[in-house]
1. Kindly provide the set of residues from the range 87-101 that are assigned to a strand (DSSP E or B) and hydroxyl-bearing (Ser, Thr, Tyr), ordered by number.
2. Has the range 322-331 got at least one residue that is buried (at least 21 other Cβ atoms within 10 Å of the Cβ) and part of a strand (DSSP E or B)?
3. Please find, within the range 257-290, the residue that is surrounded by the most Cβ atoms within 10 Å (Cβ to Cβ) out of those that are touching a Leu at 6+ places or on another chain (Cβ under 8 Å) and in a strand (DSSP E or B).
4. What is the number of the single condition among (1) surrounded by fewer than 24 Cβ atoms within 10 Å (Cβ to Cβ); (2) acidic (Asp, Glu); (3) closer than 15 Å to THR119 by Cα that ASP152 does not meet?
5. Is the range 412-429 home to any residue that is assigned to a strand (DSSP E or B) and either among the charged types (D, E, K, R) or at pLDDT below 90 (or both)?
6. Residue by residue through the range 232-246, note down the ones that are touching a residue at least 60 places away in the same chain (Cβ under 8 Å), outside any loop (DSSP other than H, G, I, E, B) and on the phi < 0 side of the Ramachandran plot.
7. For the range 127-146, does any single residue satisfy the condition of being crowded, with 19+ Cβ neighbours inside 10 Å, within 13 Å of LEU107 (Cβ to Cβ), modelled with pLDDT of 95 or more and out of contact with any Leu (no Cβ under 8 Å at 6 or more places or on another chain)?
8. Please determine whether any residue of the range 332-343 is part of a loop (DSSP other than H, G, I, E, B), closer than 23 Å to ALA254 by Cβ and small (Gly, Ala, Ser).
Amino acid sequence: MNTRHSRHLLIAPAAVVLATAVMTGCSQSHATAGSPASTAGRQPAAAGVVRVSHDQFGAHVEPAVAVNPRNPRNLLAASQVFRGQARGLATYVSFDGGLTWQSNGILPGAAPANGADVTVSFDQAGHGYVSAAMSRGVMGDEAGTAYVWRTDDGGRHFGPAVAAMRGSVDHPGLAADPAAGATDLYLAGIAFQGSASELRFTCSTDSGRSFEPARSIDPSHSPHDRLTVVAAGPGGLVAVMYYVEPPGGGVTVAVTTSTDHGASFSAPVRLGTVRWPPPVPGVNARSGPALAIDPRTGDIYASVTSYAPATGASEVEVFTSRDHGRSWSAPAVVASTTGGAYVQPQLAVGESGQVGLSVFELAGGRAHVVMVTSAPDGASFGPPRTVTGSSFDPTLGLASGAAPRWIGDYQGLAATPGAFHPLWNGTRTGHLELFTATVPVAPQP
């Protein structure tokens, strides 16, 4: 994220190989081979909780995680990392279903200097991708250009970065087409030019080697800050979700969808209004939206956290579309508390269509991660359950002397057969390190 433009997010660095623009529209094509397996890494930090990061960085913020469909025991994670006040981008990989992890260090060219918002994705051929927007231009690019790195061995090694969307881009979201043989990647972000901004979209049809010129997909061209997330589904389905934040409050949640691999998008659908909870003492607890698509059915799930002034409750809401984004359900409140605040929801859809949702709950000066899971096809949701093992003090986080402390705007979540894998940053070591857990999916009758 570009900090001068956003109130509810953060971001970006790197040296790169520039991409050749693709002038044709996004469409399906074919790709090749997957990734092997290994067991390097560390042992769990506590029962049920695994420490992911074992490196030299002082803090880890805003992680993302994805699963390799060619090898579901292969999980790839990335995070913004701090060395002093300098921010870079590092990756972590597991080949045993998240039980142990190895730290890969900084991505090629992403040395700590700027910082980066990050998204992680895999395509069906087993190629992994990490995207980020750099807050400093490199090799002649403008500051804030969005880049994509690719790995062909499950996350052990990465090629040089490819410029995907030039300009001052805030929080680019990345998703890979889930169809067998597809080589399309979809990337959207908010591009700033002075005080103006617009939601832009680009795609790659050659597995991230090059990207077409970015174009606007929201005709409103709102100048207000917006945080984008992207998801892809079957049949060329692409969804982009974002906030519209006009002065004076009243943040609106919007989604625009494509059913032709990003060649065209529908008019944005406004899902509702988000109200921020009262400030959490000592913690800058910002929160973005979450989005996931069932790869079997194309059902779309969107989530936000909001505050209900009438009851004083912090709520986690889930919206559902069964018709590729043309219409949406009223929000289902899947978790509610009057004793704290929910922030930073994440969504994933498992192999049987069960929806998993992870979210931070902040209460009594402590934080923990809770999971909510649904019946198949998101028909109903069970009660929240804690997965962090023990809560942590979020004020031990980032930058001593910073007030309030900042633990990021989002966390990570991925689904493997029979389980969900939340990924979060916590301070049980006294610093913001990365942790994960394996949350089994309850068998269905």
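1. From the range 87-101, those assigned to a strand (DSSP E or B) are 87-94; that's our starting set.
THR91, TYR92, SER94 - these are the residues of the range 87-101 that are assigned to a strand (DSSP E or B) and hydroxyl-bearing (Ser, Thr, Tyr).
2. For the range 322-331, residues buried (at least 21 other Cβ atoms within 10 Å of the Cβ) and part of a strand (DSSP E or B): absent.
3. Residues of the range 257-290 touching a Leu at 6+ places or on another chain (Cβ under 8 Å): 257-259, 280, 283, 285-286, 288-290.
The next check asks that each one be in a strand (DSSP E or B); those that pass are 257-258, 280, 283, 290.
Working: THR257: 24, SER258: 23, VAL280: 20, VAL283: 22, ALA290: 26.
Only one residue tops the list, namely ALA290.
4. Among (1) surrounded by fewer than 24 Cβ atoms within 10 Å (Cβ to Cβ); (2) acidic (Asp, Glu); (3) closer than 15 Å to THR119 by Cα, the lone unmet condition for ASP152 is (3).
5. Of the residues in the range 412-429, the ones assigned to a strand (DSSP E or B) are 412-416, 419-426.
With the extra rule that they be either among the charged types (D, E, K, R) or at pLDDT below 90 (or both), the set shrinks to none.
No: the range 412-429 contains no residue that is assigned to a strand (DSSP E or B) and either among the charged types (D, E, K, R) or at pLDDT below 90 (or both).
6. ALA232, PRO234, VAL238, ALA239, VAL240, MET241, TYR243
7. No.
8. Here is the first cut: in the range 332-343, the residues part of a loop (DSSP other than H, G, I, E, B) are 338-340.
Right, trim to closer than 23 Å to ALA254 by Cβ and you get none.
Scanning the range 332-343, I find no residue that is part of a loop (DSSP other than H, G, I, E, B), closer than 23 Å to ALA254 by Cβ and small (Gly, Ala, Ser), so the answer is no.
The values are calculated or read from the model by the stated rules, or taken from the named source; none is laboratory data. These numbers come from a predicted model, not from an experiment. Cβ coordinates were reconstructed from backbone atoms using ideal geometry, including for glycine residues, and neighbour counts include every protein chain displayed.
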